[in-house]
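The values are calculated or read from the model by the stated rules, or taken from the named source; none is laboratory data. Everything numeric here is computed off the predicted structure, so don't read it as measured data. Virtual Cβ from ideal backbone geometry, glycine too; neighbours counted across all protein chains shown.
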Amino acid sequence: MATVELRFSASPEHVRTARLVAAAVARRAGVEESVLDELRLAVGEACSRAVGLHTVHGLATPVRVVLTEGEKTFSIEVGDDAPSVVPSPRDEAAAEAAEETDELGLAVISGLVDDVEVISDSHGGKIRMTWPTATAAFS
Amino acid sequence: MDLSLSTRTEGDRTVVEVGGEIDVYTAPKLREQLVELVNDGNHHLVVDMERVDFLDSTGLGVLVGGLKRVRAQEGSLRLVCNQERILKIFRITGLTKVFPIHESVEEAIAATD
């Protein structure tokens, strides 16, 4: 079962909230302080990407963030409802800009997180990131 | 924390001091500011990022966009940053090869290609 689950309407102003919550829960779960900055950035990237996808596809559903404390790991799953098939946007410049940012976002995530999984099918996508926790974490 | 922006002129350079968080929510403000500066004829920009607490790929995208605009006018865009956690984001995305990054505003203003 998830330790903390968060759903927010897909708009940019809530991404910061998601970052703060994820970092707070991760700290509590025993993720090392030195990693928290990177974790905050990675979860922000994943959420920004999901918000962007919901906007492009005109989806009214929320973005989901599932924070799970394992025995020796802490994982964050960011889920969107965007089908993997990209619709052809009318504004090519905007589409190009969105794609560039999307690629940069994934580059940042894969550069920061060793254990990352990107899943996408016709129902939506998920980015799952996992970090180790200190073995002597407080309970 | 929100984004703070202030600009000043130093010779033929325009220094943009950025503070706070540059993310998917605040990046459009930075984009507007850069577009406005370039449209007003400021083609040599120095973006001082010493007071930036957070930067994500949306922010990087805006900076790349700014660089494209000034280059189209044969201008320049230089960054000032000493913060390791911010520099790391430029490194992992390969953008250290794209942007001249300086240790101080003075150095950036004095720099020529």
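Any residue in region A:106-119 that is within 24 Å of B:I22 (Cβ to Cβ), part of a loop (DSSP other than H, G, I, E, B) and either within 12 Å of another protein chain (Cβ to nearest Cβ) or modelled with pLDDT of 95 or more (or both)? Scanning region A:106-119, I find at least one residue that is within 24 Å of B:I22 (Cβ to Cβ), part of a loop (DSSP other than H, G, I, E, B) and either within 12 Å of another protein chain (Cβ to nearest Cβ) or modelled with pLDDT of 95 or more (or both), so the answer is yes.
Listed here are the residues, each with its yes/no results for (1) among the charged types (D, E, K, R); (2) out of contact with any Leu (no Cβ under 7 Å at 6 or more places or on another chain).
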| residue | (1), (2) |
| --- | --- |
| B:V46 | no, yes |
| B:L79 | no, yes |
| B:E84 | yes, yes |
| B:F99 | no, no |
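The condition of being among the charged types (D, E, K, R), outside any helix (DSSP H, G or I) and at pLDDT 95 or above does not hold for A:E45.
For region B:30-57, filtering for residues that are within 14 Å of chain A (Cβ to nearest Cβ), closer than 25 Å to A:R19 by Cα and surrounded by fewer than 16 Cβ atoms within 10 Å (Cβ to Cβ) leaves 1.
Do the conditions hold for B:V105, that is, is it away from chain A (no Cβ under 14 Å), farther than 30 Å from A:S9 by Cα and either buried (at least 16 other Cβ atoms within 10 Å of the Cβ) or of a type outside the set (A, V, I, L, M) (or both)? Answer is yes for this residue.
For region A:11-37, the tally of residues that are crowded, with 21+ Cβ neighbours inside 10 Å and either within 11 Å of chain B (Cβ to nearest Cβ) or among the hydroxyl-bearing types (S, T, Y) (or both) stands at 3. Of the residues screened, A:F8 is one that is within 13 Å of another protein chain (Cβ to nearest Cβ) and among the aromatic types (F, W, Y).
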